[in-house]
Amino acid sequence: MKINKVFVFSRYIFTGLNFVAILLITSMLGIAEFGELSFFRLILQYLMYSEFGFVQYIFRKRSADGIIPNYELSSVFSYLAISVCSFLFVFAILDLEFDAFFSNPVYVLYATFSVIFGISAKFLIDEFRITGDITKLISLEFITNSTVYLVVLYCYISGSYNVDVFVALYALYMAPYFFLLIFSSRFRDKVNKINFNFKLDKKILYASSMLFLFGFLSLLLASVDRLIIKYFLNFEALGLYSMAFTVSSGFYMVIQTLTWVNMPSFINSIKNEVVSKSMKDFKEYIFKIQLIYLSVLSLALPCYYLLIRYYNREYEETFWIFVLLSLYNFINVYYIYHRTYLLVHEYYYLLNITLFIGVIFNFILNIYLVSFHVLELLVIGSIISHLLYMVIIRNIVIKKANK
């Protein structure tokens, strides 16, 4: 498993520029408004699961087997069309009536387009990482990220902004992926070979639904604390937490995307090699990742401290939240192998049951901890929950591998 140096460099560049963008946005919005924006972006993450695991099915099938039969691809596209249209129809009817913030029909429209653009991006990104077209991937990221930077900079210089502008920005900035996909000759060739097939394929439906459940539960496990803050505290508390979470996630993205782009290699290694060999290779890879993450943290900690100490003191109390979230992100790296092992060998039931236990434990623990009104305690609760999850799936993989 190799680490593409150009890709690593682009991660550093985008991380630094995203840090500046968040810095400017928080200086323009109040804490509660930033909390609203962060909550909208979290909801968009949940809405991306309207594809119900079918895109994940294509990626894992092709990564493991090298090809996906045309009849399966036809079925997947048919099910995908049904699931997305049905989801968006229900979504539009409900009008996202979580509270007054989501009663705005314009937000519903933004979120609908975001789902369409996001699923298009999933297809293209998976295509690029399977084929190893890292240059194309970096180019598209440059275009979409530049859109964010230019809009944020314009708003900052002109003084013309409100929370709705940034909601629209983060909902629509993935549009270049959609337009490239529909005008791509490679995509048209694939579509021409597809005959929409609505015949029931239990294998595809089962695998896709299990992958959907895995993705949904994984996101839920990672966002329990934010949901609890939103519904048990207020947008201002969520804004404080989201500041530390957004910046720490941005720095963590450097190594997260390295692991993500190498996922086809992980899948092939786990599928075709003995456990001892694939685990050894993964440990060597993780050692490199650890060095990169430590170098990122050496930059992240002083930058964040200077930000909240001298530039935007409204967020001064979030420094230790940022430190704890950096530790939380570091822990996530250690169960990537075991989680991928269970996915590749299709132990979906065990994986999802374990995730469900982690979510319930995290929810109960953080419901108790939120009563203390100390945001740092919620991060600690999430760290404990992830450690529990990591230990359980590690033991499951060891038992399965030794059989």
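The values are calculated or read from the model by the stated rules, or taken from the named source; none is laboratory data. Predicted, not measured: the structure shown is a model, and the values here were computed from it. Reconstructed Cβ throughout: ideal geometry from the backbone, glycine too, with neighbour counts over all protein chains shown.
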Inset, instruction - Could you check, for region 339-352, whether at least one of its residues is in a loop (DSSP other than H, G, I, E, B), hydroxyl-bearing (Ser, Thr, Tyr) and closer than 26 Å to ASN262 by Cα? - result: yes
Inset, instruction - Tell me, please, whether a residue that is assigned to a helix (DSSP H, G or I), within 15 Å of PHE330 (Cα to Cα) and free of Cβ contacts under 8 Å to residues at least 12 places away in the same chain can be found in region 264-274. - result: no
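If we scan region 335-352, do we find a residue that is closer than 30 Å to ALA21 by Cα and surrounded by 17 or more Cβ atoms within 10 Å (Cβ to Cβ)?
Looking for residues that are closer than 30 Å to ALA21 by Cα and surrounded by 17 or more Cβ atoms within 10 Å (Cβ to Cβ), one finds at least one in region 335-352, hence yes.
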Inset, instruction - Go through (1) under 19 Å from the mean Cα position of the chain (by Cα); (2) farther than 23 Å from GLU36 by Cβ; (3) not small (Gly, Ala, Ser) one by one and return the number of the condition ARG309 breaks. - result: (1)
Inset, instruction - Could you tell me which residue of region 359-403 is nearest to the chain's Cα centre (by Cα), considering only residues that are within 30 Å of LYS277 (Cβ to Cβ), buried (at least 21 other Cβ atoms within 10 Å of the Cβ) and of a type in the set (A, V, I, L, M, F, W, C)? - result: ILE393
Legend entry - Filter pass, LEU325 being modelled with pLDDT of 80 or more, closer than 30 Å to GLU236 by Cβ and crowded, with 21+ Cβ neighbours inside 10 Å: yes
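Considering only residues that are of a type in the set (A, V, I, L, M, F, W, C), in contact (Cβ under 8 Å) with a residue 60 or more places away in the chain and touching a Phe, Trp or Tyr at 6+ places or on another chain (Cβ under 8 Å), look in region 345-383 and name the one that is nearest to GLU236 (Cα to Cα). Walk me through how you get there before you give the answer.
Here is the first cut: in region 345-383, the residues of a type in the set (A, V, I, L, M, F, W, C) are 350-351, 353, 355-357, 359-361, 363-365, 367, 369-370, 372, 374-375, 377-380, 383.
If we keep only those that are in contact (Cβ under 8 Å) with a residue 60 or more places away in the chain as well, we get 351, 355-356, 359, 363, 367, 370, 375, 378-379.
Now drop any that are not touching a Phe, Trp or Tyr at 6+ places or on another chain (Cβ under 8 Å), which leaves 351, 355, 367, 370, 375, 378-379.
Details: LEU351: 35, LEU355: 30, ILE367: 18, VAL370: 15, LEU375: 12, LEU378: 16, VAL379: 17 Å.
This residue is LEU375.
Please go through region 165-185 and pick out each residue that is within 18 Å of the chain's Cα centre (by Cα) and within 18 Å of GLU141 (Cα to Cα). If you could, list the steps in order and put the result at the bottom.
Start the filter on region 165-185 by keeping residues that are within 18 Å of the chain's Cα centre (by Cα), which leaves 167, 169-175, 177.
LEU169, TYR170, ALA171, LEU172, TYR173, MET174, ALA175, TYR177 - these are the residues of region 165-185 that are within 18 Å of the chain's Cα centre (by Cα) and within 18 Å of GLU141 (Cα to Cα).
Quick one: in region 8-20, of everything that is buried (at least 18 other Cβ atoms within 10 Å of the Cβ) and of a type in the set (Phe, Trp, Tyr), which residue is modelled with the highest pLDDT?
The qualifying residue modelled with the highest pLDDT is PHE14.
Collect the residues in region 100-114 that are assigned to a helix (DSSP H, G or I) and modelled with pLDDT under 85, keeping them in residue-number order. Walk me through how you get there before you give the answer.
As a first pass, look at region 100-114 and keep what is assigned to a helix (DSSP H, G or I): 100-103, 105-114.
Within region 100-114, ALA100, PHE101, PHE102, SER103, PRO105, VAL106, TYR107, VAL108, LEU109, ALA111, THR112 qualify.
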Legend entry - Residues that are crowded, with 20+ Cβ neighbours inside 10 Å and out of contact with any Leu (no Cβ under 9 Å at 6 or more places or on another chain), drawn from region 308-322: ILE308
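Tell me whether region 133-152 contains one or more residues that are of a type in the set (A, V, I, L, M), free of Cβ contacts under 8 Å to residues at least 24 places away in the same chain and part of a helix (DSSP H, G or I). Explain how you work it out, then say what you get.
Of region 133-152, the ones of a type in the set (A, V, I, L, M) are 134, 137-138, 140, 143, 148, 150-152.
Restricting the remaining residues to those that are free of Cβ contacts under 8 Å to residues at least 24 places away in the same chain gives 150-151.
If we keep only those that are part of a helix (DSSP H, G or I) too, we end up with 150-151.
Looking through region 133-152, at least one residue is of a type in the set (A, V, I, L, M), free of Cβ contacts under 8 Å to residues at least 24 places away in the same chain and part of a helix (DSSP H, G or I).
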Inset, instruction - Identify, from the list GLY358, GLY381, the residue that is under 20 Å from ILE398 (Cα atoms), at pLDDT 90 or above and in a helix (DSSP H, G or I). - result: GLY358
Inset, instruction - Output the residues belonging to region 287-307 that are out of contact with any Phe, Trp or Tyr (no Cβ under 6 Å at 6 or more places or on another chain) and crowded, with 18+ Cβ neighbours inside 10 Å. - result: ILE289, TYR293, LEU297, LEU307
